[in-house]
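Please read the structure below before turning to the comments.
The values are calculated or read from the model by the stated rules, or taken from the named source; none is laboratory data. Keep in mind it's a predicted model, so treat the numbers as computed, not measured. Please note: Cβ atoms are built from the backbone with ideal geometry, for glycine as well, and neighbour counts cover all protein chains shown.
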Amino acid sequence: MEEKVLFPAALRANNGEPLPLAAKLRLDHGAITSLMVVPPTDDVIKVLRTVLDQHDELEEAPGGMYDVCEQLTSGETQELLEVLKSTGEVPVHHFNTADYAIAAAKRALARAGFDFDSIISEDSENS
């Protein structure tokens, strides 16, 4: 809902000027979504946790995306809440077990600055 409601509202409130973190967060969202397509193996879960930890910091830390959005859209909070309440559920599909699905996830991760195999090897080295 961030990309459909909150980020566009903040962009409008910022006179169309792109928000500094928006492009990175959009790439992160693509990577996170791609990891939700494949079956949740231990490796996939480790990578997802790593991505979410870093992603959440960008959104939730003081001065992060949520603070910026809140400052920019403070005058339209109720309207945004109503839009969010009226938004339909996101459809859920079965996991994709095809080899190309994990390959696509790895490419989405790379676009967002993450390396699936490096994260897995780092995690196993620290175990």
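Details
- Residue check, THR73 surrounded by 12 or more Cβ atoms within 10 Å (Cβ to Cβ) and modelled with pLDDT under 95: yes
- Tally of residues being closer than 24 Å to GLU89 by Cβ and loosely packed, with under 15 Cβ neighbours inside 10 Å across the range 9-25: 0
- Pairing each residue of the range 82-108 that is of a type in the set (Val, Ile, Thr) with any residue that is at pLDDT 95 or above and loosely packed, with under 13 Cβ neighbours inside 10 Å, provided the two are 6+ apart or on different chains, yields C-beta distances under 7 Å for THR97/PRO39.
- Of all the criteria given as (1) modelled with pLDDT of 95 or more; (2) hydrophobic (A, V, I, L, M, F, W, C); (3) under 23 Å from LEU25 (Cβ atoms), the one not satisfied by ILE120 is (3).
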